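Undergrad: Right, I'll just put the structure down here and ask away after.
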Amino acid sequence: MPALLLPLLAGAADIEAGRRKAEVCVACHGPAGNATLPGVPSLAAQPAMYVFFQLIQFREKRRNDAQMSPFAANLNDRDMQDIAAYFSAQQPTAPPFVADPAKAAAGKIVLDAHHCGSCHLPGLTGQNHIPRLAGQHYDYLLKQLLGFKNGSRPDIDGTMSMAAQPLTEQDIEHLAHYIAGLK
Ligand code: HEC
Ligand code: HEC
């Protein structure tokens, strides 16, 4: 994790200010950060540090997305802290995804074999700069895992890109079934 960014997180974030600053975001990311649009990730209960670092990545154009990037371009560090604190304090709703039971069971085996929970935590709830995955959208998970494997999704410290290298496309499909169905 970039040590230079750590002092920025030390200031007290304002959740109520974050709620107001996030009004433009929930048009895509859903009420309280529970997204329903295809390809848009949920942000509810995401660790604040993760949201903050990803917003920096978008603003500095290290992570790029035609829909998302314009919304990070004009945020200052204080806005990002407040917004991150707001989304991280929200409750995730039950995921809309209905997993294929056989694919989800195969995904759980891949997840355990690759110790994904050692970083993302056993319930895949995330910690610090490591994202919550539980209940994230299926097509978003597929895109990100393929992106870490082929290098199109940048990675702050390189650990996730390394974790994705041994995964086959079938592993990724199975993982996404398991993870997207988790409460
Ligand atoms: C027009 C729709 C749209 C709007 C409005 C929008 N986003 Fe996004 N956002 C996206 C999409 C799509 C992605 C996924 C990009 C990708 O595939 O990498 C994303 C990704 C993100 C991520 C990364 C999530 C993760 O799990 O890595 C964060 C954080 C985020 N947005 C925060 C915000 C904030 C804060 C705002 C408001 C200031 C906002 N977004 C406004 C569409 C939008
Ligand atoms: C060594 C720690 C580590 C391990 C092991 C690990 N991850 Fe990650 N993962 C991370 C970090 C850190 C990020 C954030 C990367 C970034 O954007 O800088 C991440 C990001 C992700 C994302 C993107 C989520 C989002 O909201 O955009 C997915 C999906 C993911 N990991 C799935 C997995 C799966 C599946 C495994 C097991 C095969 C795994 N991870 C193993 C550390 C790890």
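The values are calculated or read from the model by the stated rules, or taken from the named source; none is laboratory data. Every value quoted in this text rests on a predicted model; they were computed, and no experiment measured them. Neighbour counts are summed over all protein chains in view; Cβ atoms, including those assigned to glycine, are modelled from backbone coordinates with ideal geometry.
Undergrad: Quick one: residue 135 ticks every box in (1) at negative phi; (2) within 13 Å of ligand 1 (Cβ to nearest atom) bar one, so which box is it?
TA: (1)
Undergrad: Next question, about the same structure. When the residues of the stretch 92-112 are filtered to those that are in contact with a helix residue (DSSP H, G or I) (Cβ under 7 Å, 6 or more places away or on another chain) and not hydrophobic (A, V, I, L, M, F, W, C), which remaining residue is nearest to ligand 2 (Cβ to nearest atom)?
TA: Step by step, filter the stretch 92-112, then rank; the result is 107.
Undergrad: Count, please, the residues in the stretch 150-171 that happen to be crowded, with 20+ Cβ neighbours inside 10 Å and more than 7 Å from ligand 2 (Cβ to nearest atom).
TA: Residues that pass the stated criteria total 1.
Undergrad: Could I ask something else about it? Could you please give the count of residues in the stretch 16-39 that are modelled with pLDDT under 95 and near ligand 1 (Cβ under 6 Å from one of its atoms)?
TA: Residues flagged as modelled with pLDDT under 95 and near ligand 1 (Cβ under 6 Å from one of its atoms) within the stretch 16-39 amount to 1.
Undergrad: Residue 147 fails exactly one of the following numbered conditions: (1) within 13 Å of ligand 1 (Cβ to nearest atom); (2) touching a residue at least 60 places away in the same chain (Cβ under 8 Å). What is the number of that condition?
TA: (2)
Undergrad: Check whether at least one residue in the stretch 99-112 is within 13 Å of ligand 1 (Cβ to nearest atom) and out of contact with any strand residue (DSSP E or B) (no Cβ under 9 Å at 6 or more places or on another chain), and report yes or no.
TA: no
Undergrad: How many residues, within the stretch 56-68, are over 15 Å from residue 26 (Cα atoms) and either in a helix (DSSP H, G or I) or without any contact (Cβ under 8 Å) to a residue 40 or more places away in the chain (or both)?
TA: 9
Undergrad: Can you name every residue in the stretch 150-183 that is within 16 Å of ligand 1 (Cβ to nearest atom) and hydroxyl-bearing (Ser, Thr, Tyr)?
TA: Selection gives 152, 159, 161.
Undergrad: I would also like to ask the following. Which residue out of 89, 102, 113, 94 is buried (at least 16 other Cβ atoms within 10 Å of the Cβ) and either hydrophobic (A, V, I, L, M, F, W, C) or at pLDDT below 95 (or both)?
TA: Sole residue among the options that is buried (at least 16 other Cβ atoms within 10 Å of the Cβ) and either hydrophobic (A, V, I, L, M, F, W, C) or at pLDDT below 95 (or both): 89.
Undergrad: Quick check on my filter: what residues within the stretch 113-149 are more than 8 Å from ligand 2 (Cβ to nearest atom), more than 13 Å from residue 179 (Cβ to Cβ) and in contact with a helix residue (DSSP H, G or I) (Cβ under 7 Å, 6 or more places away or on another chain)?
TA: 128, 146, 149
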